[in-house]
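One structure below.
The values are calculated or read from the model by the stated rules, or taken from the named source; none is laboratory data. Computed from a predicted model, the values in this text were never measured in an experiment. Using ideal geometry, Cβ is built from the backbone for each residue, glycine included, and neighbour counts are taken over all protein chains shown. Calculation scope for accessible area: heavy atoms of the full protein, side chains included, ligands and nucleic acids excluded. Shrake-Rupley method; radii C 1.70, N 1.55, O 1.52, S 1.80 Å.
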2 protein chains.
Amino acid sequence: MSNLTVRQKEIFEFIKSKISDKGYPPTRMEISNYFGFKSPNAAEDHLKALKKKGFIEILSGTSRGISLSNVDEGIPIIGLVSAGSPMLAEENVEKRIPPHPISSHGVDYYLRVKGDSMIDIGIFDNDLIAVNKDLNIKKGSIVIARIDDEVTVKTLKEFSANKVILRAENPNYKDIVVNPNNVHFDFEGTCVGLIRNIS
Amino acid sequence: MSNLTVRQKEIFEFIKSKISDKGYPPTRMEISNYFGFKSPNAAEDHLKALKKKGFIEILSGTSRGISLSNVDEGIPIIGLVSAGSPMLAEENVEKRIPPHPISSHGVDYYLRVKGDSMIDIGIFDNDLIAVNKDLNIKKGSIVIARIDDEVTVKTLKEFSANKVILRAENPNYKDIVVNPNNVHFDFEGTCVGLIRNIS
DNA sequence: ACTCATACTGTAATTATATACAGTATACCA
DNA sequence: TGGTATACTGTATATAATTACAGTATGAGT
């Protein structure tokens, strides 16, 4: 999405919004009217730019023949996280799937759960948890944290400038006590939902 | 969906499939070509019939101006089930939400879980379980069963002509042993997934 | 200085599309 | 037995839509 100009992005968003609420893409004329262009060719030029940059496909001779290119479609599933790489780095994306059907917060990605440390609150091995990375971290939240490049899901019990306590929801695990000044520590997000496939 | 003729249903399905895989609705000509009509007016007539029956909306003067009417969109969430009513009766539908993002089987509806009888396998109070109603019931499956108009979710332990054993996944609950000949008993479906919102 | 990308105006032509009108034939309902 | 719905063919036309060509103007990169 990054190598689009501001104007091109506006056009692209307009096309997406038309598709989602009307059910079909706009014509050149409709784009021009919306943006106040006096010539349909202005829209044509923009479409060509979007095509060139790989964001849409244009079917020639077809009315409203604009298809969105399915790059980056869907919410990414993050499996194993490579050391040092940002959560959403492409190398960590297992695949992409549709949005969470009922999450009341935005979902930035799904994280595949490894292990049984959270089974007492119903988070099992191989479940997908829905993560929002911008929500305010607060005591009692289920948080996704990174400690020295290791990513973990735990309940946040305490949270101050020099002491963080993370608790597993499984009596077999001990609390993790961290001083963020001594180790590399980051909150990666908050768990806002869960998805499980039962086959 | 019921008061459509066979032909009309075919047309309607064709329109839906075009929208979902091309991203825009078909023209009269494209419909005619697909069905082998020799006149675009055959398609026009069908569209008018579909409009009259409320399945689509047509925007006049607009190319590909066909919108699906949003009746029955989404997978229903079933909350409390009224005694005697079929699972999917409209009175039982709490709301409708998008499909399960990763379920490998079809999902006919979601059932809102009440109680803690399945917590040992991570199914908690208020979770939504995804139910497929046509899957083969087999030992070990998590099944949705109706016993004398009461709907319950349990693991199927035994299953023969005159004995069914349903087991809760929580040691505080006893097995439910049923003779299908003596009580009103039905399998309503199999649990194929789970969704949870964490707020 | 030159090219290229961006962001448009203005005009115009071909073709894609919607859609009315006139029929034909079958089936069902009252 | 006449009306209405279904399911088409066949023709025709106004208009919706794509899309090429010719410009103008600005800013970035080389």
Quick one: with label points 7 Å out along Cα→Cβ, list the inter-copy distances for B:THR5 in nm, shortest first? 5.4
Counting Lys +1, Arg +1, Asp -1, Glu -1, what net charge surrounds B:VAL151 among other residues with beta carbon under 12 Å of its beta carbon? -1
Those trypsin sites (Lys or Arg not before Pro) from the range B:58-123 that are DSSP loop and have at most 14 other Cβ neighbours within 10 Å turn out to be B:LYS114
Scan the range B:24-74 for GluC sites (Glu not before Pro) in coil per DSSP, keeping those whose Cβ has at most 15 other Cβ atoms within 10 Å, and list them by number. B:GLU73
Return the value, in Å² to the nearest 100, of accessible area buried between chains A and B (probe 1.4 Å, both sides summed). 2800
For B:LEU68, place a label point 7 Å out from Cα along the Cα→Cβ vector, do the same in each other copy, and report the separations in nm, one decimal, smallest first. 1.5
Run the accessible area of the range A:53-199 with a 1.4 Å probe and give the carbon-and-sulfur part as a rounded percent. 47
With 28 Å as the limit, write out which pairs from B:LYS16/B:LYS52; A:LYS52/B:LYS9; B:LYS22/B:LYS133; A:LYS53/B:LYS38 have Cα-Cα distances beyond it, or answer none. A:LYS52/B:LYS9; B:LYS22/B:LYS133; A:LYS53/B:LYS38
Cβ-Cβ cut-off under 10 Å around A:ILE165, Lys and Arg +1, Asp and Glu -1: the net charge is +3
Placing a label point 7 Å from Cα toward Cβ, how far apart in nm is A:GLY54 from its equivalents in the other copies, listed shortest first to one decimal? 4.7
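Quickly estimate the mean residue ellipticity at 222 nm for the protein assembly as shown, helices only: each DSSP H run with n ≥ 4 gives -39500 (n - 2.57), and the total goes over all residues, rounded to 500.
-6000 deg cm²/dmol
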Over the range A:58-199, relative contact order from alpha-carbon pairs under 8 Å, at least 6 apart, %: 21
